[in-house]
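K.L.:
Please find one structure pasted underneath; my questions will follow.
The values are calculated or read from the model by the stated rules, or taken from the named source; none is laboratory data. Quick caveat: nothing in here was measured; it's all calculated off a predicted structure. Cβ coordinates were reconstructed from backbone atoms using ideal geometry, including for glycine residues, and neighbour counts include every protein chain displayed. What goes into the accessible areas is simple: the full protein's heavy atoms, side chains included, and nothing from ligands, DNA or RNA. Shrake-Rupley method; radii C 1.70, N 1.55, O 1.52, S 1.80 Å.
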4 protein chains.
Amino acid sequence: MPGTPKALRPRKTPRQKRSAATRDRILDAAARVFVEHGYAAGTTNRIAEEAGLSIGSLYQYFPNKDAILLQLARRHVDQGRRAVAEALRSGLPGTWDERAALLADTALRIHDGDARLHRVLFEESPRPPALLEEIRRLQDALVEALAELLRADPPVRGAGPDAAGARLTAWFLVAATESLTHRYLADRPTPDVSAFRRELIALLTAYLHRPPHDGADGP
Amino acid sequence: MPGTPKALRPRKTPRQKRSAATRDRILDAAARVFVEHGYAAGTTNRIAEEAGLSIGSLYQYFPNKDAILLQLARRHVDQGRRAVAEALRSGLPGTWDERAALLADTALRIHDGDARLHRVLFEESPRPPALLEEIRRLQDALVEALAELLRADPPVRGAGPDAAGARLTAWFLVAATESLTHRYLADRPTPDVSAFRRELIALLTAYLHRPPHDGADGP
Amino acid sequence: MPGTPKALRPRKTPRQKRSAATRDRILDAAARVFVEHGYAAGTTNRIAEEAGLSIGSLYQYFPNKDAILLQLARRHVDQGRRAVAEALRSGLPGTWDERAALLADTALRIHDGDARLHRVLFEESPRPPALLEEIRRLQDALVEALAELLRADPPVRGAGPDAAGARLTAWFLVAATESLTHRYLADRPTPDVSAFRRELIALLTAYLHRPPHDGADGP
Amino acid sequence: MPGTPKALRPRKTPRQKRSAATRDRILDAAARVFVEHGYAAGTTNRIAEEAGLSIGSLYQYFPNKDAILLQLARRHVDQGRRAVAEALRSGLPGTWDERAALLADTALRIHDGDARLHRVLFEESPRPPALLEEIRRLQDALVEALAELLRADPPVRGAGPDAAGARLTAWFLVAATESLTHRYLADRPTPDVSAFRRELIALLTAYLHRPPHDGADGP
DNA sequence: AATGAATGAGCCTTCATTCAT
DNA sequence: GATGAATGAAGGCTCATTCAT
């Protein structure tokens, strides 16, 4: 809009910027409060106080407590999505070992410092089905992409897995990576992250390169 | 106990027996209520009703809601402990593949039908540090026993892991088994339990038999 | 249940009696509070206090504020129904003049001392459709009965009104009686109730005995 | 006003004019909002929005919510006053039958389309005593004027009512007209307005022409 | 020991009103 | 004068816990 006097234009821009900033302040405060107290004991008043706002203001930005949680979860999921996208941006590495490392590193990057929040968001709180669906979609996309890759470029020569097998293997890769990272961050069996990382990659690659199944099993 | 003179039987026993039975009834009721409603919405009144008691009576058996939760969790942990003990009673299998299968089966047995309760108990509720400590001790014992076994009978010839390495590997075995079982029960990527079981065992054995690490790693 | 020991039987009876008494205490308190403050400002805490109970107890008897209002309204409607039924019990008087007097007296009896409450209940508060329906049914029944009577025993010789006319006339009788009684109790244009009563009856009988309509009208 | 030198035109007028226009816009908005949502749920923010103003601006025109209500009520009363005045402007009709028709028509005109607002203003909201007084004064004036007319020109030959009687009769005329109109608009026992009008006029005229009272009454 | 009515702190949320820009 | 973000008192309601019977 050239020609419009500068003084007349902004009008809403600074407000919206500030507004967005306040929203984020509330979300950050909520994250901290939920992490410390859990969902049930993370009261809206506490969140408002933590955010340095009155309770009334908080409710001008979010219609209710669950909306805060939902937004927080969405933000979290988005960060995950972005992390995955970014990891893939520069092209997938050529070997499965490198790919396993990438998986581990991405998981570590996503969850570092956020494991407790993740837990509150996705396990302890009332998650609306819409969010659940969104999460599942994200995970499914990842699993599906990995399964496709497993089929196109089988890590074990000769024994390309069938469709269902590839998907299950992909699910195991994703689930193991994420669950173990979570658990590591909660448990800290070693204070040494790189030791954990190395071991996780070892697990993933061993699993990927496992010799073909001979069919014998039983309790 | 026929033949025992009435007057000699301990006065308190029947009461205590009934008392213990009532406690258990309350705990069972609490388990059902927590599973259905979660911790926060699992009110003491609901528990009392489910147990077929008045709320007043419930409070004669437990000083407060958290005590119920604590007891429930302890019972759950005990069941885990017993399951592990029982698994070992008849002697450990001779091969690591069989041991991996035992691990997987025990995890499935412990959590089947109880995953939601487990979740409520250990993720959604305010867990007192004492309980956390207890859980950790149990897990540590398991991890330590496995580590010991790894050292005494290394699955990979020639390359016996050092002490710390053995413990980390043991932690991975336990954590992967439990986490993946959990996740499977929540996600159900396959409706077929035995497919999951087979794959989990494959993962564990592949990890156990992995070729010695060559030291090269990095992002 | 003859033979049942007296001491074992009552058990619940006294409780229920007390329970019902408490309900009534709450309703009475609510009536007073609503009359004094109106619906919006008649807070549940105020009602509880007026009833000499804690807020928690109040909510053990009613699930929410509207339920209190609804119950109060129903009680009021029931009283009206009973008043009407009772008025008719001893048989309807034989002349329309006496019937008009009965109508007026019943209205006065129903509303005396309750006009403000009536207003709060039926005009100022959120009335659930169910209640509205109930009220309307009661009024319709009354109107319909009167219309039937007007047809069977026309107050004006020769000019029996048609069906629709009878119903409209009946509606006017009922509405005028009730509305004017209400208004009188709110306005008190005369402190003398019997003067009002006389005039109301005069209005009703004049209306009943009005000469047949000649069809000419217009603004 | 062409020709008036700019410098001479009163500075304040345009502002005051605009100010008055804004006030009216707010009142109109309030009327709509109150009609749709009732008093309690008719929030000031909603009113401001409906008026196309910011909440801050609204508070520059009215000190608080009740002031809006008061002003609205006053405007409503004024309209009533004006309607009555206008009805009388062209001279009172010569017969009581025509006067009854005028009464009915005026009531219908005043309330048509406004019954809900009337209700909110005068029954559902906290009316300050000052307003109540004003309303009562207006009604009293009307009643008094009618009473005077009844005395000066008694509808029933020979039996001119005494002072108190005339006032009571006048009150009945006004109250019946208004109450029944209200009730009709809320109840709609006939969808046909003209049928209602005819019947109302019949009631009023029958009442006016009632044969003199013979003094006998009783319960 | 059992019962369940009673308690009240505290939660989420609304909305009239103020005030910095 | 206008704006709308900020405020916080207050309301409806829940639920762990107590206590008279």
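K.L.:
For the range D:56-74, which residues satisfy the criterion of being closer than 13 Å to D:VAL33 by Cβ and of a type in the set (A, V, I, L, M, F, W, C)? Walk me through how you get there before you give the answer.
P.N.:
First, the residues of the range D:56-74 that are closer than 13 Å to D:VAL33 by Cβ: D:58, D:65, D:68-69, D:72.
Residues satisfying the conditions are D:LEU58, D:ILE68, D:LEU69, D:LEU72.
K.L.:
If a residue must be closer than 19 Å to C:LEU138 by Cα and within 8 Å of another protein chain (Cβ to nearest Cβ), how many such residues does the range D:187-199 contain? Full working, then the answer.
P.N.:
We begin by selecting, within the range D:187-199, every residue closer than 19 Å to C:LEU138 by Cα; these are D:187-190.
This time we only want the ones that are within 8 Å of another protein chain (Cβ to nearest Cβ), so: D:187, D:189-190.
Of the residues in that region, 3 qualify.
K.L.:
On to the next question. Do we have B:GLY113 as within 20 Å of B:PHE196 (Cβ to Cβ), among the small types (Gly, Ala, Ser) and modelled with pLDDT under 90 here?
P.N.:
yes
K.L.:
Within the set of pairs 6+ apart or on separate chains, which have a first residue in the range C:49-71 that is over 15 Å from C:THR22 (Cβ atoms) and in contact (Cβ under 8 Å) with a residue 60 or more places away in the chain, a second that is of a type in the set (Ser, Thr, Tyr) and within 7 Å of DNA strand F (Cβ to nearest atom), and C-beta atoms under 7 Å apart?
P.N.:
Listed pairs, sorted by first residue: none to list.
K.L.:
To continue, here is another question. Name the single residue that is nearest to the other protein chains (Cβ to nearest Cβ) among those in the range D:20-31 being open to solvent by 20 Å² or more (accessible area, probe 1.4 Å) and within 14 Å of DNA strand F (Cβ to nearest atom).
P.N.:
D:ARG25
K.L.:
When you scan the range A:54-173 for helices (runs of 4 or more DSSP H) that lie fully inside it, which ones turn up with 3 or more residues that are within 26 Å of B:PHE122 (Cβ to Cβ) and in the same structural domain as A:ASP192 (by TED's automatic domain parsing)?
P.N.:
Of the helices (runs of 4 or more DSSP H) lying wholly inside the range A:54-173, those with at least 3 residues that are within 26 Å of B:PHE122 (Cβ to Cβ) and in the same structural domain as A:ASP192 (by TED's automatic domain parsing) span A:65-89, A:96-111, A:115-119, A:129-152.
K.L.:
Out of the residues in the range C:175-189 meeting the condition of being assigned to a helix (DSSP H, G or I) and without any contact (Cβ under 8 Å) to a residue 40 or more places away in the chain, tell me which one is farthest from D:ALA195 (Cα to Cα).
P.N.:
Top of the filtered list is C:ASP187.
K.L.:
Is it the case that the range B:151-165 has a residue that's under 29 Å from A:ARG119 (Cα atoms), open to solvent by 20 Å² or more (accessible area, probe 1.4 Å) and among the small types (Gly, Ala, Ser)?
P.N.:
Yes, the range B:151-165 contains a residue that is under 29 Å from A:ARG119 (Cα atoms), open to solvent by 20 Å² or more (accessible area, probe 1.4 Å) and among the small types (Gly, Ala, Ser).
K.L.:
Oh, and also: Check A:PHE34 against each of (1) within 11 Å of DNA strand E (Cβ to nearest atom); (2) away from chain B (no Cβ under 14 Å) and name the one condition it does not meet.
P.N.:
In the conditions (1) within 11 Å of DNA strand E (Cβ to nearest atom); (2) away from chain B (no Cβ under 14 Å), A:PHE34 misses (2) alone.
K.L.:
What number of residues within the range B:38-83 satisfy the criterion of being surrounded by fewer than 18 Cβ atoms within 10 Å (Cβ to Cβ), away from chain A (no Cβ under 14 Å) and more than 15 Å from DNA strand E (Cβ to nearest atom)?
P.N.:
The number of residues fulfilling the criteria is 8.
K.L.:
Sticking with this one: Of all residues in the range C:110-129, count the ones that are surrounded by fewer than 15 Cβ atoms within 10 Å (Cβ to Cβ) and touching a residue at least 24 places away in the same chain (Cβ under 8 Å).
P.N.:
Of the residues in that region, 3 qualify.
K.L.:
Same structure again: Can C:HIS37 be described as part of a helix (DSSP H, G or I), on the phi < 0 side of the Ramachandran plot and outside the structural domain of C:ILE135 (by TED's automatic domain parsing)?
P.N.:
yes
K.L.:
Starting from the range A:86-99, keep only residues that are closer than 11 Å to A:LEU204 by Cα, then list their pairs with residues that are open to solvent by 30 Å² or more (accessible area, probe 1.4 Å) and of a type outside the set (A, V, I, L, M, F, W, C) whose Cβ atoms are within a distance under 7 Å, requiring at least 6 positions of separation or different chains.
P.N.:
Listed pairs, sorted by first residue: A:ARG99/A:PRO93.
K.L.:
Looking only at residues in the range C:13-31 that are over 16 Å from C:SER125 (Cα atoms) and of a type in the set (Gly, Ala, Ser), which one is nearest to DNA strand E (Cβ to nearest atom)?
P.N.:
Going through the range C:13-31, the residues over 16 Å from C:SER125 (Cα atoms) turn out to be C:13-26, C:28-29.
Those still in the list that are of a type in the set (Gly, Ala, Ser) too: C:19-21, C:29.
Details: C:SER19: 6, C:ALA20: 11, C:ALA21: 9, C:ALA29: 12 Å.
Of everything passing the filter in the range C:13-31, C:SER19 is nearest to DNA strand E (Cβ to nearest atom).
K.L.:
Continuing with the same structure: Check off (1) surrounded by fewer than 21 Cβ atoms within 10 Å (Cβ to Cβ); (2) within 12 Å of chain B (Cβ to nearest Cβ); (3) not charged (D, E, K, R) for A:TYR184 and give me the number that stays unchecked.
P.N.:
Evaluating A:TYR184 over (1) surrounded by fewer than 21 Cβ atoms within 10 Å (Cβ to Cβ); (2) within 12 Å of chain B (Cβ to nearest Cβ); (3) not charged (D, E, K, R) leaves (1) as the failure.
K.L.:
Since A:GLY165 meets every condition but one in (1) at the interface with another protein chain (Cβ under 10 Å from one of its Cβ atoms); (2) modelled with pLDDT of 90 or more, which condition does it not meet?
P.N.:
All conditions are met except number (2).
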